[in-house]
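What follows is calculated from the coordinates using simple rules that are stated; it is not laboratory data. Values in this document were obtained by computation on a predicted structure and should not be read as measured data. Neighbour counts run over all protein chains shown; Cβ positions are idealised from the backbone, glycine included.
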Amino acid sequence: MTRPGRGTPGTDEAPANGSGGSGGSGGDDLTKVAGRTGDAPARVEDAVDRAGDAAGRAGAVGGAGAVGLSLRSGAASRSGRRVSRALPPFAVATGIVLLCASVALALTIGPADIRVADVWSAVASHLGGEPSGLSAIRDGIVWDLRLPRTLLAAVCGAGLAVCGVVMQSLLRNPLADPFVLGVSSGASTGAVAVIVLGVGGGAVSVTGGAFLGALCSFALVLLLSHTLGGSTDRVVLAGVAAMQLFSALTSFVVMTGADAETTRGVLFWLLGSLSGAGWPEVGVCAAVLAVVLLVCGGHARTLDAFAFGEDAAAALGVSVARTRLVLLSVTALLTAVLVSSAGAIGFVGLVLPHAVRALTGPGHARLLPLSALAGAVFLVWADTLARTVLDPREVPVGVVTSLIGVPAFVLVLYRTRTGR
């Protein structure tokens, strides 16, 4: 059996298993064509396209439990493929240039009057170039405060968007986001336990506690989903259960063990904040993001196959259980690292993948890198707004992303509902 080729339809245009006759029809088409063609990639790609058209005529998308969503996906699937094929090859390069420009401009925004030229000279001097000529205070503002914070915003935005793309494909649920597995809630509980209860006796940092809490939450989700059968809807339901459990634990610890000042600081962190960003956090998050991007990028065609269900993916030679475990594990790891450094930042992994998919089509070979760039640019500007809109007070960046993300998500729901 062969794996699916490029340009295959994506996540939110596929029927769920058991949603009607369409799921079986798509899988039968794949099996018949793949069986006749052996290892011919072009014919297998055609089989996946035919399955996508069959899914579009059925007009249903899978959901987990109470979060299913009906879509008119036949026309969207075909138009998405046309847009994806017409996408200029320099789209990624354009995104990189836009990200660099966004970072440079964001560094100049704030109470201190710093120009783009000052930013470049300060960065060049710290990388071995000529002295910048800036005062120690202005150099410190650029290199020690604004630059690590802006870079961490870019890394977190890219990572959350990538996690959203992968989870929406694996779980075949357009409402899935990086927090669907309860990782964010577990990280919050771990951080609060360190801050309020002093768990670890000073040997464990807030970041370390958040990371351990995230791992515990993910392990609980894996245990529950395996016990309940291991299907995608069971994974989502197990994630919802873990999220509620750890949210309750967090609230209990804060209400019973924290004073007013500590509670205020904890709540600010829980809403998402990049105010404590430093170069160690940037290095760790960037390294984990790079590894996850490589892993997920290597599974791009596999994610295309998952769009039409586990049976269809298995018919194309995909090891469904192993692939799901690997990709869910790496995305949970990335989410844990990001949340432990920046707190819970919502809606980036939920909205950005839909917006990019509407522009590029559903093929994951392009969707993954472009979603990462879009998420990075979005969070850079969201954090810039968060730290300047009420200067000298700072708004949690999670509040800004929610205020922007809720209307955008409503628009996504409306467009998918009307098939536009």
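Between ARG322 and ASP259, what is 0.36 nm times their sequence separation minus the Cα-Cα distance? Round to one decimal in nm.
Taking 0.36 nm per residue and subtracting the Cα distance, the gain is 18.1 nm.
Normalised by the residues of the range 106-198, what does the relative contact order come to in percent, with Cα pairs under 8 Å and at least six apart?
16
Taking 7 Å along the Cα-to-C-beta vector as the label spot, tell me the ASP311-ARG415 distance in nanometres, rounded to one decimal.
3.2
Checking the a/c ratio against 1.5 first, then a/b against b/c, what shape does the Cα gyration tensor give for the range 310-353? Can you show the working numbers first?
Working: a/c = 5.51, a/b = 2.13, b/c = 2.59.
Oblate is the answer for the range 310-353, as a/c is 1.5 or above yet b/c matches or exceeds a/b.
Just report the Cα centroid separation between the range 214-244 and the range 112-141, whole Å.
48
What list of ³J(HN,Hα) couplings, whole Hz, do you get for the range 368-383 from phi and the Karplus terms 6.51, -1.76, 1.60, once you set θ to phi - 60° and write x for glycine and proline?
3J(HN,Hα) across the range 368-383, in whole Hz: 5, x, 6, 5, 4, 5, 5, x, 5, 4, 4, 6, 4, 6, 5, 6.
Let me make sure I get this right: for the range 93-231, a, b and c are the square roots of the gyration tensor eigenvalues over alpha carbons, sorted descending. Under 1.5 in a/c it's rounded, otherwise prolate if a/b > b/c, else oblate. Which is it?
oblate
Can you tell me how the range 128-199 classifies by the Cα gyration tensor, rounded, prolate or oblate, using a/c under 1.5 as the rounded cut?
Working: a/c = 5.12, a/b = 1.69, b/c = 3.03.
Oblate is the answer for the range 128-199, as a/c is 1.5 or above yet b/c matches or exceeds a/b.
What FRET efficiency, computed as 1/(1 + (r/R0)^6) with R0 = 25 Å and r the Cβ-Cβ distance, is obtained for GLN244 and LEU267, rounded to the nearest 0.05?
Efficiency at R0 = 25 Å is approximately 0.85.
Using the basic label-point model (7 angstrom from Cα toward the beta carbon), what is the ALA124 to SER205 distance in nanometres?
3.2
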